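Inspection log for the structure reproduced underneath, given as structure tokens.
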Amino acid sequence: MVDPTTVQRGLESVVALESRICFIDGKEGRLIYQGYDIRDLAASSTFDEVAYLLWYGRLPTATQLDDLRHRFRELRTLPPELAAQIDQLPADANPMDMLRTSVSTLALFEPGETKPGASSIGGAQRLTAVLPTILGQFHRRRAKLPPIAARPDLSSAAYLLYALLDREPTELETRALDVCLILHADHELNASTFAARVTASTLSDLYSSITSAIGTLKGPLHGGANERVMELLDEIGTVDRVEEVVKAKLSAHERIMGFGHRVYKVEDPRATILREWARRIGESKGNLRYYDLLRAVEQVVHREKGLYPNVDLYSGAVYTQLGIPPDLFTPLFASSRVSGWTAHVLEEYEDLRLIRPTAKYVGATDLAYVPTGQRG
Ligand code: SDX
């Protein structure tokens, strides 16, 4: 029995449940999805294949992968009512608010998906397939780009870039984004995944669980750090100013976004892979400015605070070089993590237990009730 008097703030190091989906070795800096090391998956797999792995617990055969890809293409289109709703939202709406609202609305047009306990791989596939279209529908209107088309010829990563940029990405750009999607697909009981599981544990439905997760990911301590990393680089400007700007922030006890992690006590293995992709994409664009700045920031933060980079340090540099606007970085994170969120919801349903921790009460007790008229 856990000692009910010891409070673990932020549930730090509390083991809340058993899962087969993802293992993080914070000491060794290892990340494993259903038994496969993220380094192998980033080198050889695709996001479509990783989504299959997270849901089914095994890598697909060629036929199974083709079937999933075909299914994703079928499930990309929005109900016209949702497309109309997105078009009526304020053009300056926060894209994470737009995404959360759209997923909630979508549920109302998906037969049976709002019933208690409604959760299926079909719903998981639908949400994973449709999030890029929701983002594209919203961004194309505000950027005054032509309306989105189905484009069944494009893979998930290529379609996501087409949806946002209205152009066919190069092979290198598609591969870079596919690796980013693989790296962001799952991460054990991070705050947004935990939020999804808490919602599912009440026998609420899959779409409500994903709505909870999107709202949670919006928080800057979880999602959005990569957007702030790019703001920091703009503030620093040139490599020779890195030392001065970063040390001033650290002395003011400011957090340097993209560093530190609740679980990793060494370098986040995703940062290792993204650092290389930031270099490759930068080289292909003839612009290593972001990469050089980030390498310099890394050295100062590690020397001054002993902190290591996390997944957010280099991802913004990759996205920026792909032409993706900063306020779409976290929605992009969501369009990948929805595969992990839905895998965890399905796992929660397999062995459901209402998630309900307790609090240590430190307030007053036995106060006498005083009628309203007699209160000072
Ligand atoms: C993600 O959980 C997941 O798996 C999340 C994620 C996923 O894939 O889902 O990995 C994605 O959220 C990555 C993290 C993105 N966020 C940031 O980069 C924001 C900046 N990072 C920090 O806010 C922080 O490192 C956290 C929130 C990520 C983790 O914080 P903890 O575990 O609560 O650590 P802490 O706040 O107790 O800090 C411990 C010490 C403190 O120093 P002291 O006050 O004790 O002297 O480390 C310092 C902190 O000040 N510290 C930092 C820092 N992070 C921690 N100092 C400067 N800059 C930082 N980034």
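If you scan segment 179-203, which residues turn out to be within 14 Å of the chain's Cα centre (by Cα) and in a helix (DSSP H, G or I)?
Scanning segment 179-203 gives Val179, Cys180, Leu181, Ile182, Leu183, His184, Ala191, Ser192, Thr193, Phe194, Ala195, Ala196.
Test Ser192 against the criterion of being assigned by TED's automatic domain parsing to the domain that holds Pro90, away from the ligand (no atom under 16 Å from the Cβ) and either under 28 Å from Tyr36 (Cα atoms) or surrounded by fewer than 22 Cβ atoms within 10 Å (Cβ to Cβ) (or both), and give yes or no. Taking the combined requirement at face value, the residue does not satisfy it. From the list Ser120, Ser212, the lone residue that is among the small types (Gly, Ala, Ser) and either within 16 Å of the ligand (Cβ to nearest atom) or at pLDDT 95 or above (or both) is Ser212.
For segment 245-262, give me each residue that is outside any loop (DSSP other than H, G, I, E, B) and more than 10 Å from the ligand (Cβ to nearest atom). Those that are outside any loop (DSSP other than H, G, I, E, B) and more than 10 Å from the ligand (Cβ to nearest atom): Val245, Lys247, Ala248, Ser251. Within the bounds of segment 25-39, is there any residue that is more than 21 Å from the chain's Cα centre (by Cα), more than 15 Å from Ser336 (Cβ to Cβ) and of a type in the set (Ser, Thr, Tyr)? Within segment 25-39, none of the residues are more than 21 Å from the chain's Cα centre (by Cα), more than 15 Å from Ser336 (Cβ to Cβ) and of a type in the set (Ser, Thr, Tyr).
Counting the residues of segment 16-46 that are of a type in the set (A, V, I, L, M) and exposed (fewer than 14 other Cβ atoms within 10 Å of the Cβ) gives 2. Within segment 243-272, residues that are over 30 Å from Asp37 (Cα atoms) have Cβ atoms under 8 Å from residues that are part of a loop (DSSP other than H, G, I, E, B) and modelled with pLDDT of 95 or more in these pairs: Val246/Ile256; Lys249/Ile256; Leu250/Ile256, counting only partners at least 6 apart in sequence or on another chain. Just the residues that are among the aliphatic types (A, V, I, L, M), within 30 Å of Thr101 (Cα to Cα) and buried (at least 16 other Cβ atoms within 10 Å of the Cβ), please, taken from segment 217-258. Those that are among the aliphatic types (A, V, I, L, M), within 30 Å of Thr101 (Cα to Cα) and buried (at least 16 other Cβ atoms within 10 Å of the Cβ): Leu217, Ala225, Val229, Met230, Leu232, Met257.
Kindly indicate whether any position in segment 204-216 is touching a Gly at 6+ places or on another chain (Cβ under 6 Å), in contact (Cβ under 8 Å) with a residue 60 or more places away in the chain and surrounded by fewer than 23 Cβ atoms within 10 Å (Cβ to Cβ).
First, pick out the residues of segment 204-216 that are touching a Gly at 6+ places or on another chain (Cβ under 6 Å): 206.
Among the residues that remain, those that are also in contact (Cβ under 8 Å) with a residue 60 or more places away in the chain are: 206.
Those still in the list that are surrounded by fewer than 23 Cβ atoms within 10 Å (Cβ to Cβ) too: none.
No, there is no match, as no residue in segment 204-216 is touching a Gly at 6+ places or on another chain (Cβ under 6 Å), in contact (Cβ under 8 Å) with a residue 60 or more places away in the chain and surrounded by fewer than 23 Cβ atoms within 10 Å (Cβ to Cβ).
Among the listed residues Leu54, Leu154, which satisfies the condition of being surrounded by 15 or more Cβ atoms within 10 Å (Cβ to Cβ) and modelled with pLDDT of 95 or more? Before the answer, list the steps.
On the way: Leu154 fails: modelled with pLDDT of 95 or more.
Result of the check over Leu54, Leu154: Leu54.
Leu328 meets each of the listed conditions (1) within 16 Å of the ligand (Cβ to nearest atom); (2) in contact (Cβ under 8 Å) with a residue 40 or more places away in the chain apart from (1).
Any residue that is in contact with a Lys or Arg (Cβ under 6 Å, 6 or more places away or on another chain), within 16 Å of the ligand (Cβ to nearest atom), outside any helix (DSSP H, G or I) and not acidic (Asp, Glu) - is there at least one of those in segment 299-315? Checked segment 299-315: at least one residue is in contact with a Lys or Arg (Cβ under 6 Å, 6 or more places away or on another chain), within 16 Å of the ligand (Cβ to nearest atom), outside any helix (DSSP H, G or I) and not acidic (Asp, Glu). Screening Val179 with (1) closer than 22 Å to Glu74 by Cβ; (2) in contact (Cβ under 8 Å) with a residue 40 or more places away in the chain gives one miss only, at (1). Applying the set (1) of a type outside the set (Ser, Thr, Tyr); (2) within 13 Å of the ligand (Cβ to nearest atom); (3) not in a helix (DSSP H, G or I) to Leu274 leaves exactly one unmet item: (3).
The values are calculated or read from the model by the stated rules, or taken from the named source; none is laboratory data. These numbers were taken from a predicted model, which means no experiment stands behind them. When we count neighbours, we look across all protein chains shown, and the Cβ atoms used for this are built from the backbone with ideal geometry, even at glycine.
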